[in-house]
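Below: one structure, written as structure tokens.
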């Protein structure tokens, strides 16, 4: 694969990577907030942020190539049902490796993974919300030099227009219904 193709793919994946990395930064910030040493908070940021960033980049590519429906929660939830527990497992193992010198699984790995799967829906909601706000803006910015970004941005713009028109039609229908009811 040539470097220009890798750069174009990187530009498509970038927003998802940033969202995942931001989630890791939040985890690191919370670790610092509860009194962990700054080094531990930094380890937490990177040990969670990088796996979430890589998974977020993967989701960004799936969205860009329309392997998942734009703006839909169900595919996002399924993606993070698997991805979030794996990222958290990597976080636990890497954190223990860096801080204690040896990698170690959580005491009950299956229970740990199941719990992470349960809370993955909350993460998916936040990821979807932030990705839907950042990615189209980024793709619009790189569209002049990236045909794939231009194409996915056009799809997002068409989707946004469709959602807006459906909402406006619903508002108009409710208004007409209220007017008919008031005339009776």
Self-check item: Nearest-ten-degree value, helix 73-100 long axis tilted from longest Cα axis of the chain
Solution: 20
Quiz item: What is the Cα radius of gyration of segment 51-124 over 2.2 N^0.38 Å, N being its residue count?
Solution: 1.24
Quiz item: Relative to the first principal axis of the alpha-carbon coordinates of the chain, what is the inclination of helix 3-33, with its axis defined by its Cα atoms, in degrees from 0 to 90 and to the nearest 10?
Solution: 70
Exercise. Could you bin all the Cα-Cα distances of segment 1-86 into 10 Å bins starting at 0 and give me the percent of pairs in each, rounded to whole numbers?
Key: 19, 39, 28, 12, 1
Quiz item: Modelled label-to-label distance, residue 78 and residue 112, 7 Å Cα→beta-carbon offset: nm?
Solution: 2.8
Exercise. Any chance you could list P(r) for the chain, counting all Cα-Cα pairs in 10 angstrom bins from zero, rounded to whole %?
Key: 9, 29, 27, 18, 10, 4, 1, 0
Practice problem: For each of 59, 156, count neighbouring Cβ atoms within 10 Å of the residue's Cβ, then give the residues from fewest to most. | Solution: 156, 59
Practice problem: Order these peptides, 84-91, 99-106, by their mean beta-carbon neighbour count within 10 angstrom, highest first. | Solution: 84-91, 99-106
Practice problem: Along Cα→Cβ, 7 Å out, is where each label goes; now give me the distance between the ones at residue 121 and residue 164 in nm to one decimal. | Solution: 3.2
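The numbers here are math on the coordinates, done by the rules we state, and not lab data. Computed from a predicted model, the values in this text were never measured in an experiment. Neighbour counts are summed over all protein chains in view; Cβ atoms, including those assigned to glycine, are modelled from backbone coordinates with ideal geometry.
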